[in-house]
Amino acid sequence: MSKLWGGRFSKDTDKLVEDFHSSISFDQKLYQWDIKGSIAHARMLGNVGVITKDEAEQIIDGLTEILIEIEAGKVVFDPSSEDIHMNIEVLLTNKIGAVGKKLHTGRSRNDQVAVDTRMYLRAEIETIHHLLLDLITTLINLAETHKETIMPGYTHLQRAQPVSFAHHLLAYVEMFKRDCTRLEDTRIRMNVLPLGSGALAGTTFPLDRQQVAKELDFDSVCLNSMDGVSDRDFILEFMADASISLMHLSRLCEEIILWSSQEFHFIDLDDAYSTGSSIMPQKKNPDVAELMRGKTGRVYGNLMAMLTVMKGIPLAYNKDMQEDKEGLFDTVETWQKCLLVMTPMLKTVTVRQEAMLQAARGGFTNATDLADYLVRKNIPFRDAHSIVGRLVAYCLDEGKNLDDLTLIEFKTFSPLIENDIYQAIAVETCMANRNTIGGPSIAQVEATISADRQFLAQRQ
Ligand code: ARG
């Protein structure tokens, strides 16, 4: 079939080249946005008198029918029509005749693909934003029930100081809140209309770009036509947002994997969110969390690929940019799927509070509190640190915890230690005393939860 751009060519495209540069196999995902963009463009062309209102109506009706037909699965796209834009234009002309050929007046596929991709991503961002809010809600609800569930906090994966499970979960809430606001920022910069940029230098027709922006829900129109057609920052920003969020999810996955091991055994995953082994009958594996940790790699890869695609492109549009789509679609789908599965996996988790408490009681997580006790008796912190260090070494030799020592034993290290020491270094006290803003005490955790609920309420 002859190409829409075939006029200056005397030969058909080589078959391999046709396959090589055809994007319809993947950019058909943009069909509804392509049609919506074209409808707005046609209506505007009619309003400003570039085409007649009647012609605009015919085009709009034709496009609306095509949308319905595609949605009903009645359309088979033609790879020789290269991409979604030309496929739809061909469908339109076949349907309504010569008037269809007027649609592309004052427009190029370069500004068309830019507007389609922005509208597509805007809708997907909204979905992801909701999924992030669902995940945050689930984490907060879980935190609410575990304000008093004491566990060891770790540094270097060595037991450090006691925290609550709630406090640990709320660290992830902070991360996912940042992911939300990052997406909100990305959306603001993205929601600028490129249509009207033409191929690169605008158009000789008196387009009403503001009207198109309004119809398509853009906040403003781009102020440079060359940038309008060649800017893919919004894709890069989104991919960076996704990479950071997947990094957060991956860290959470890593903890879920550790916690559900027999070595930690802090949690049990629901059977519906774990899988078995084909050979070892006893196995219950945290594959979901592992796979999510793995998928983080491809999302980073998509970002790197796109940064690399863009780095050497002279202004304005170049075909390299068609490479933006598969990585973008993959990133959108991967991020959504990960969020969709993480939320119910957390909702159904069984928390083994006793195991967490036992772990918090072992491993000298109260050693800092013992040092702080001595500081309150006016021993300089550095000296207190050293006394407790020696006490820990003694305990390790004796196979005891600090709490197991008798007062006589304590006193051989510091005569200032009194009977109140046992209360002072109980893990419950250690946690309760960490009452600085953002700390793990129940009061602070409650304050954080109420701030987090406000964050959610502002976004409902
Ligand atoms: N399929 C193309 C893309 O995704 C559309 C723009 C094509 N423009 C061009 N001048 N060949 O980038």
In nm, spacing of pseudo-spin labels at Arg453 and Leu396 (7 Å Cα→C-beta vector): 4.5
Chain lengthening between Asp420 and Phe9 when straightened (0.36 nm per residue, less Cα-Cα): 138.7 nm
Segment 360-445: trypsin sites (Lys or Arg not before Pro) falling in loop per DSSP and having at most 15 other Cβ within 10 Å: Lys377, Lys400
Length-normalised contact order for segment 1-144 - Cα pairs under 8 Å, 6+ apart - percent: 29
Computed over segment 341-406: relative contact order in percent, which uses C-alpha pairs under 8 Å that are six or more apart: 28
Overall form of segment 1-44 per C-alpha gyration tensor (a/c, 1.5; a/b vs b/c): oblate
Rounded Å value of the spacing that divides the Cα centres of segment 293-346 and segment 258-285: 31
For the chain: rounded, prolate or oblate by the Cα gyration tensor [a/c cutoff 1.5]: prolate
Residues whose placed amide H lies under 5 Å from that of Ser164, excluding near-sequence neighbours: Met151
Proximal charge balance of Val115 [Cβ under 10 Å; K/R count +1, D/E count -1]: 0
Ranked packing of 7-13, 132-138, most packed first, by mean Cβ within 10 Å: 132-138, 7-13
Label point distance in nm, Glu18-Thr348, each placed 7 Å from Cα along Cα→Cβ: 4.9
Spatial separation of Cα centroids for segment 68-129 and segment 404-424, in angstrom: 78
Normalised contact order of the chain, rounded percent, pairs of Cα under 8 Å and 6 or more residues apart: 16
Separation of the Thr436 and Ala160 label points, Cα + 7 Å toward Cβ, nm: 1.2
Of the DSSP H helices in the chain, those whose Cα atoms cover at least 24 Å axially and whose Kyte score averages 0.0 or more: 109-145, 233-259, 287-310, 381-398
Anisotropy class of segment 1-117 from Cα gyration tensor, a/c 1.5 cut: prolate
Leading residue at positive end of dipole, segment 56-102 (Cβ point charges), from Ala98, Ser80, Leu63: Ala98
Flagged links, alpha-carbon separation over 24 Å, of Lys36/Lys214; Lys3/Lys311; Lys147/Lys295; Lys3/Lys101; Lys74/Lys95: Lys3/Lys311; Lys147/Lys295
Likely footprinting exposure, Leu370, Leu303, Leu357, fewest C-beta neighbours within 10 Å first: Leu357, Leu303, Leu370
Gain in span if fully extended, Val375 to Glu428, counting 0.36 nm per residue against the direct Cα distance: 17.1 nm
Per-residue [θ]222 nm for the chain (sum of -39500 (n - 2.57) over DSSP H runs n ≥ 4, rounded to 500): -20000 deg cm²/dmol
For Val221, Val192, order by how many other beta-carbon atoms lie within 10 Å, fewest first: Val221, Val192
Residues Cys338, Cys180 arranged by fewest to most Cβ contacts within 10 Å: Cys180, Cys338
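Values quoted throughout were computed directly from the atomic coordinates according to the rules given, and no laboratory measurement underlies them. These numbers come from a predicted model, not from an experiment. Neighbour counts run over all protein chains shown; Cβ positions are idealised from the backbone, glycine included.
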